[in-house]
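What follows is a set of notes on a single structure, which appears directly below.
The values are calculated or read from the model by the stated rules, or taken from the named source; none is laboratory data. Note that the structure is a prediction, hence the values are computed from the model and not measured. So basically every Cβ, Gly included, is an ideal-geometry build from the backbone, and we count neighbours across all protein chains shown.
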Amino acid sequence: MTYVINQAGAPLMPCSDCKARHLLKSNRADIVDLTPFTIRLRFAVSDITEPVTLGVDAGYSHIGLSASTEDRVLFECEHTTRQDIVNLLEARRSLRRSRRNRRTRYRAPRFDNRVHSKNKGWLAPSIEARIGEHLTLVAFVHSILPVTETVVETAAFDIQKIRNPEIEGTGYQQGDQMGFWNVREYVLWRDNHKCRHCNGRSKDSVLEVHHLVQRKDGGSDRPKNLITLCRTCHHDYHEGKFSLDKPNRGFRAETFMGVMRWAVYERLKALYGNVRMTFGYITKNTRITHGLDKSHAVDARCIAGHPDAGSDKFVYQSRKVRCHNRQIHKLTILKGGIRKANQCPRMMFGFGLNDIVKADGRLGYIHGRRSSGSFDVRTLSGEVISHGISYKKLMLVEHGKIYTRRRTSSPA
C-alpha cells in the first residue's frame, strides 16, 4: 500500500499502489518519501478516515510497532535501538579526565551538570536516548497515518525477586551489604581480605576491588560483579596474563524497562492525549490464543487489540545509527604536534553516511567512506556488500534512511 498525506501535510488513509500510480502519472500527486512510499495530493479532498490503533511494544534493544484497523494491518515495523551510547559516554569521560595529563586546550569546569542542579525527573543519557527513539518512531507513524489511539505495553520487573525468588516482607530492606559502611568493605570481608586469584602467594599486601564486567560493558557496582585482587594480580589481569570467570547476565534491560515505562507513557500522553497502557501477560495470552508467531511486530499487533487483522505483505525493519561524530580530532599526534581532524564533510561525491544506494545489483546503505571515493556498503543486518566500491558504481536511492523491508511469514 501507499501512504497518503493531503495538501496541508495531514495523513489520510493509505491507498493501493495502482491508484497511487494513476495519481502520479496524471500529475495529481507528488512523491514525498520512498521508504515507506508516501505521496502528497495536489488537490483538496475531504478528510474521511477510519479508527486506526497504534500498538507499541516498548523494549530495550528492539521496538515493535503495528498500526491497524479492525480488519487490516496498515503499517508494521521492527526497530533496533542503539547499543553504543554507554561506551561512547565512557570514552568521552576518559578523554576529558586525561586532559590533565597532556598538553591541550583548557576546558573550564561546568557545574550545571552536577547532581544538585539536575531537574526533577532527570534520567540518564542512555535511557533518554532510548525514550527519544520510542517518541520518534511514534511521531513518524502519526505523520503517515491518521492514528486515533496509541496503546503502549508497560512491564514492571521486581529485580530482587528475580535474583531471590524466596524474598518477601522485610527481606527487601536487608540486602547483602547491610551493616557495612560501603560496597568495598563488604567485598573485602566476603573474600576474607585475600586475593581471589593468588590467595596471598604474591606477598602483595595492597588489595584492590576489581570489576569483573567493566562499567562501559554494562557492569555494575554490585558485590556480584566485584572481586578482591592484590595490586600485582590486578595489574597482570589488565596485561592479559590470565582471565577470570564472568558473572551471569545482568538485569540492565529489566532495569531500563522499569525506569522507562512511565516516562514513555507520560510523554506520549502529553503529546497525543488518547494513549492507554497494557501489560505483557495480556499480550502473551492474546498471541497464544490466536496462534500467532512470536515477533516484535506481532506483539505490537496484539497490543493494538487487532490480532485477527489481515497482515501486510511487508514488515519494515529500521535501525538507529549515530547521527554525528562530535569528536573533533583524532588521538594520534602527527609530526609537529598536529592532530588530524576526525570529522569529514557531510556529503562526499554526492553521497552521505547512511544513504540507501544500489551497489552490485543489491540495496544497501553507506557504512563508511573515504576521500579517495571508495565506499563501504552494507545491508541493514551488517552483511558486507563491498568494502571499497567506487562512487561511480553507486546509484543513490534515498538520502539518510536506515530502512528495509522483509516479507512477513506470520499468519493473519
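Descriptive notes on the structure:
- Restricting region 49-66 to residues that are of a type outside the set (Val, Ile, Thr) and outside any strand (DSSP E or B), the residue that is surrounded by the most Cβ atoms within 10 Å (Cβ to Cβ): Ala58
- Any hit, region 166-181, residues being of a type outside the set (D, E, K, R), at pLDDT 80 or above and outside any loop (DSSP other than H, G, I, E, B): no
- Taking the criterion of being part of a helix (DSSP H, G or I), surrounded by 11 or more Cβ atoms within 10 Å (Cβ to Cβ) and of a type in the set (Val, Ile, Thr), the residues of region 277-298 that qualify are Ile282, Thr283, Thr286, Ile288, Val298.
- Test: residue in region 24-31 that is part of a loop (DSSP other than H, G, I, E, B) and closer than 15 Å to Phe75 by Cα: no
- Qualifying residue in region 46-53 (condition: farther than 14 Å from Met13 by Cβ, aliphatic (A, V, I, L, M) and not assigned by TED's automatic domain parsing to the domain that holds Phe140): no
- When Lys340, Lys330, Lys358 are checked against the criterion of being without any contact (Cβ under 8 Å) to a residue 40 or more places away in the chain, part of a strand (DSSP E or B), among the charged types (D, E, K, R) and surrounded by fewer than 12 Cβ atoms within 10 Å (Cβ to Cβ), Lys340 stands alone in meeting it.
- Residue ID - surrounded by the fewest Cβ atoms within 10 Å (Cβ to Cβ), chosen from residues in region 1-16 that are within 18 Å of Phe314 (Cα to Cα) and modelled with pLDDT of 90 or more: Ser16
Here's the yes/no breakdown for (1) touching an Asp or Glu at 6+ places or on another chain (Cβ under 6 Å); (2) of a type in the set (Asp, Glu); (3) under 30 Å from Asp293 (Cβ atoms):
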position	(1), (2), (3)
Gly9	no, no, no
Asp30	no, yes, no
Asp57	yes, yes, yes
Ser61	no, no, yes
Glu70	no, yes, yes
Val86	no, no, no
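- Region 228-245: number of residues that are buried (at least 16 other Cβ atoms within 10 Å of the Cβ), touching a residue at least 12 places away in the same chain (Cβ under 8 Å) and out of contact with any helix residue (DSSP H, G or I) (no Cβ under 9 Å at 6 or more places or on another chain): 5
- Every residue from region 128-138 that is in contact (Cβ under 8 Å) with a residue 60 or more places away in the chain and surrounded by fewer than 16 Cβ atoms within 10 Å (Cβ to Cβ): Leu135
- Hits in region 10-23 - residues which are in contact (Cβ under 8 Å) with a residue 60 or more places away in the chain and not in a strand (DSSP E or B): Ala10, Leu12, Met13, Pro14
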